[in-house]
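K.L.:
I am attaching a structure below and will ask some questions about it afterwards.
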């Protein structure tokens, strides 16, 4: 009897059940997760306007903003001002990214370059680009040159900081590998330096596109005659809250789309990395 009990095979009912082990990490991706926050914000705005919690003189209702945007599009004012704003932001972003990348390469690959450049750039980092507007107005006037320069000054610092950090974070073993393969300086930069600095550069680019739009908001309200900021400043003088909200929503959408585009490039370019988000 004892032997039969000892040799009896254990059935599924007699095997103690084990709780499934919880997987560490962020969990499965949420479909359209990036849209959850904006949709929730829009819902709160709509509900608040519908039940009367929000005074339309302080914050126009969403349907009023949509109607106003349609009128501005019909008049051609929105497209015209948007084109001017996009050109300013794009030009300032391109110049700032180019300057920040070149300075990061010089400072990241040379001790003398870092000694000469890093200190002044860190000082500039502590001074907001918008604080330089009075001085830039005296130097460059109030035209397009001042506006593009202000945007470029706000852009190049995050690109420099993150690209420089990416360069200095490259594993020294890759440098030793390049030396053992006797790579020329140009090949060393192309095969080791640039791929190693790419994650930092793309992160800096995400900050840069946001900085470009933030700088644009301010410079377009300084004696401008065109642009989304000019349209908003003119609406302020006439008490047109709905037009101001249209401009704010447009700025927000532009920033969201720009950041999303950089994140898409980042995901494609760095697909070889396995991170917590994967």
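The values are calculated or read from the model by the stated rules, or taken from the named source; none is laboratory data. Quick caveat: nothing in here was measured; it's all calculated off a predicted structure. Cβ: placed from backbone, ideal geometry, glycine included. Neighbour counts: every protein chain shown.
K.L.:
Which numbered condition trips up residue 111, out of (1) crowded, with 21+ Cβ neighbours inside 10 Å; (2) without any contact (Cβ under 8 Å) to a residue 60 or more places away in the chain?
P.N.:
(1) is the only condition that residue 111 fails.
K.L.:
Also, I was wondering about something else. Quick one: which residue in 177, 214, 153, 198 is closer than 13 Å to residue 104 by Cβ and part of a helix (DSSP H, G or I)?
P.N.:
198
K.L.:
Checking the conditions here, which among 160, 230 is farther than 21 Å from residue 125 by Cα, modelled with pLDDT of 85 or more and crowded, with 19+ Cβ neighbours inside 10 Å? Can you show your working first?
P.N.:
Working: 160 fails: farther than 21 Å from residue 125 by Cα.
Being farther than 21 Å from residue 125 by Cα, modelled with pLDDT of 85 or more and crowded, with 19+ Cβ neighbours inside 10 Å holds for just one of 160, 230, which is 230.
K.L.:
Could you tell me which numbered condition residue 244 fails, if it satisfies all but one of (1) under 23 Å from residue 80 (Cβ atoms); (2) surrounded by 20 or more Cβ atoms within 10 Å (Cβ to Cβ); (3) in contact (Cβ under 8 Å) with a residue 40 or more places away in the chain?
P.N.:
Unmet condition: (3).
K.L.:
Also, quick follow-up: Inspect the stretch 144-156 for any residue being farther than 19 Å from residue 91 by Cβ and under 27 Å from the mean Cα position of the chain (by Cα) and give the result as yes or no. Quick ask: steps written out before the conclusion?
P.N.:
Let us first name the residues in the stretch 144-156 that are farther than 19 Å from residue 91 by Cβ, namely none.
So far as the stretch 144-156 goes, no, none of its residues is farther than 19 Å from residue 91 by Cβ and under 27 Å from the mean Cα position of the chain (by Cα).
K.L.:
For the stretch 202-239, give me the residue count where each residue is more than 24 Å from residue 96 (Cα to Cα) and in contact (Cβ under 8 Å) with a residue 60 or more places away in the chain.
P.N.:
Within the stretch 202-239, residues that are more than 24 Å from residue 96 (Cα to Cα) and in contact (Cβ under 8 Å) with a residue 60 or more places away in the chain number 1.
K.L.:
Only residues in the stretch 77-94 that are at pLDDT below 95 count as the first member; pair them with residues that are buried (at least 21 other Cβ atoms within 10 Å of the Cβ) and outside any helix (DSSP H, G or I), Cβ under 7 angstrom, at least 6 apart or cross-chain, and list the lot.
P.N.:
81/227; 84/227; 85/220; 85/227; 88/227
K.L.:
Taking only the stretch 187-214 into account, find how many residues are within 21 Å of residue 140 (Cβ to Cβ) and out of contact with any helix residue (DSSP H, G or I) (no Cβ under 6 Å at 6 or more places or on another chain).
P.N.:
1
K.L.:
Hey, does the stretch 215-229 have a residue that's within 20 Å of the chain's Cα centre (by Cα) and farther than 29 Å from residue 137 by Cβ?
P.N.:
The answer is no; no qualifying residue exists.
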